[in-house]
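Engineer: Input: one structure, supplied below.
Values in this text are rule-based calculations from the coordinates and carry no lab data. The structure displayed is predicted, hence computed values, not measured ones. Cβ placement follows ideal geometry from the backbone for every residue including glycine, while neighbour counts extend to all protein chains displayed.
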Amino acid sequence: MLYKPFLLTALVILLDQVSKMIIVANWAIPAGRYGLLIKDVFNNDFLLFYHVRNTAIAFSIGDGLPQPFRLILFIIVPVLVLSFLTWYYLTSTEFSRIQRWAIAGIIGGGIGNIIDRIFRPDGVVDFISVKFYGFLGMERWPTFNLADSSVVVCCIILLASLLKSPRKA
């Protein structure tokens, strides 16, 4: 059971990289074309494919940093964090089944974006654009990818499971 969740890690990496290859092959930067997926009840474009590149981290934080800092903060630190998370996952007996699967999804998403940061000099491929209806002052949520989704969803699952089950004394 310890290694089975790493199937999710591999699946997230595979789906993330394949989806990014499809977007890169079919949509130029900046996205002149949208691939509309879903309209909402008001006929607004709710979900779109929109090809952009992110040379920083979430919400383009750190985009203006000098290159040496970007290398450290966007590649080296995440590799160290994911390495520690993987080591802790493999050596700890504290995690429940759902927590192990959530951690595996976080690792997969993290690796998916690190692959882009290392092998795509133009930045991480983002392509999912969701209407946000002016909430928090944004008409659309910042564009993201499957790796980002995996990290966020799995972090929410992990946090919820930690809050639900109190730690052993």
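Engineer: Taking 7 Å along the Cα-to-C-beta vector as the label spot, tell me the Arg97-Lys39 distance in nanometres, rounded to one decimal.
Structural biologist: Roughly 4.4 nm, to one decimal.
Engineer: Still on this structure, I have one more. Could you tell me the largest-minus-smallest coordinate of the C-alpha atoms of segment 97-150 on each of the three principal axes, in descending order and whole angstroms?
Structural biologist: If we take the Cα atoms of segment 97-150, the spans are 36, 34, 13 Å.
Engineer: How much length would be gained if the chain were fully extended between Ile22 and Gln67, taking 0.36 nm per residue of separation minus their Cα-Cα distance, in nm to one decimal?
Structural biologist: Full-extension gain reported as 13.4 nm.
Engineer: For the peptides 76-83, 135-142, 147-154, what is the packing order when you average, over each peptide's residues, the other Cβ atoms within 10 Å and list the highest mean first?
Structural biologist: Descending packing order for the listed peptides: 147-154, 76-83, 135-142.
Engineer: A further question on this structure: Rounded to the nearest 10 degrees, what's the angle between the helix 6-26 long axis and the longest principal axis of the chain, both from Cα atoms, 0 to 90?
Structural biologist: 10 degrees
Engineer: Turning to a different aspect of this structure: Once the Cα atoms of helix 146-164 and of the chain are each reduced to a long axis, what angle between those two axes, in degrees from 0 to 90 to the nearest 10, is obtained?
Structural biologist: It is inclined by approximately 40 degrees.
Engineer: To the nearest 10 degrees, how steeply does helix 77-91 sit against the main Cα axis of the chain, on a 0 to 90 scale?
Structural biologist: That helix lies at roughly 40 degrees to the long axis.
Engineer: Sort Tyr3, Tyr50 so that the residue with the fewest other Cβ atoms within 10 Å of its own Cβ comes first and the one with the most comes last.
Structural biologist: Tyr3, Tyr50
Engineer: Under 5 Å between amide hydrogens, which residues at least 5 positions from Phe46 or on another chain qualify, with H placed 1.01 Å from N in the peptide plane?
Structural biologist: Ile38, Lys39, Asp40
Engineer: Amide H to amide H, which residues 5 or more places from Thr143 or on other chains are under 5 Å from it, using H placed in the peptide plane?
Structural biologist: Here the answer is none, since no amide H 5 or more places off falls under 5 Å of that of Thr143.
Engineer: Then there's this: Which whole-Hz couplings ³J(HN,Hα) result when phi for each residue of segment 108-121 is put into the Karplus expression 6.51 cos²θ - 1.76 cosθ + 1.60, θ = phi - 60°, listed in order with x for Gly and Pro?
Structural biologist: x, x, x, 5, x, 6, 5, 4, 5, 4, 7, 9, 10, x
Engineer: Using only alpha-carbon positions, what ratio does the radius of gyration of the chain give when scaled by 2.2 N^0.38 Å?
Structural biologist: Compactness ratio reported: 1.13.
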